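Participant: Would you mind keeping the following structure in view while I ask a few things?
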Amino acid sequence: MPRLVVLTDRSQLSLGRCLRAQMAACREAGLSHVVLRELDLEDPQREQLAADLADLGLTVVAARRDLAAAVGLHLAADQPAPAGTFGRSCHSRDEVARAADEGASWATLSPYTASGSKPGYGPPLPPDAFAGLPLPTFALGGITPGNARAARDSGAHGVAVMGAVMRAADPGAVVAALLEAVA
């Protein structure tokens, strides 16, 4: 399992930037895994985007709906567990334990801290929420290069990042700093 996963949200990109270019810069900086969200797109458009990201050398995980170019699914907390490889978005230690019981391979646990992507969402989880979980769990929500190491030190397997990368003018530099922090 990687220590860094980026979740996509092209609505957060700066004007004039495209998701493919943003993710290409991330891949060049060492990113290996991406969760493709873009749930507003029709499935054929998401399929093409997933294939494009895979062509960059990224391992693509599809959010909520399966895609042929994806190696697995990342599900919302209330979605039924599928056959195959999946992870789950969780918001408590109990939800992570249920995900493990269902056969999830990983989880995200959020919010780690206040998030620019979801202002007012929370409150943030206590740091001990990440210790001793039954499956690899990524801290999500407000993760930056400045706090990613602390998330790992609190017990998170790694970090899942959306806003800090999607809003970055230099996403490669952000990914490089995140990878250094979680190594």
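What follows draws every value from the coordinates through simple rules; no lab data is involved. No experiment lies behind these values; they were computed from the predicted model shown. Heads up, the Cβs are rebuilt from the backbone with ideal geometry, glycines too, and the neighbour counts pull from every protein chain shown.
Participant: Between the stretch 19-56 and the stretch 66-100, how far is it from one alpha carbon centroid to the other, in angstrom?
Facilitator: 19
Participant: Next question, about the same structure. Relative contact order for the chain: what is it in percent, counting Cα pairs under 8 Å that are at least 6 residues apart?
Facilitator: For the chain, the relative contact order is 23 percent.
Participant: Something else about it: Each label point is 7 Å from the Cα along the Cα-to-Cβ direction; what then is the distance between the points at Arg20 and Met1, in nm?
Facilitator: 3.2
Participant: From the list (i) -0.79, -0.91, -1.28; (ii) -0.25, -0.48, -1.23; (iii) -0.22, -0.42, -1.07, can you say which value of log10 I(q)/I(0) by the Debye sum over Cα atoms at q = 0.08, 0.11, 0.17 Å⁻¹ was derived from the structure given?
Facilitator: Read-out taken from this structure: (iii).
Participant: Another question, if that's okay. Would you please put 146-155, 15-24 in order of how densely packed they are, using the mean number of other Cβ atoms within 10 angstrom per residue and starting with the highest?
Facilitator: 146-155, 15-24
Participant: Can you pull the one-decimal nm distance between simple spin-label points at Ala177 and Glu102, each 7 Å off the Cα toward Cβ?
Facilitator: So the two model labels end up 3.4 nm from each other.
Participant: Right, another one. Search the structure for amide H atoms under 5 Å from the amide H of Val161, placed 1.01 Å from N in the peptide plane, and list their residues when 5 or more places away or on another chain.
Facilitator: Distant-sequence amide H within range of Val161: Val5, Val6, Leu7.
Participant: Let me ask something additional. Roughly how many nanometres apart are two label points built 7 Å out from the Cα toward the Cβ at Asp94 and Asp66?
Facilitator: Placing both labels 7 Å along Cα→Cβ, they lie 3.1 nm apart.
Participant: Compute the length gained on full extension between Arg149 and Leu39: take 0.36 nm times their separation in residues and subtract their Cα-Cα distance, giving the result in nm to one decimal.
Facilitator: Stretched fully, the Arg149-Leu39 segment lengthens by 36.6 nm.
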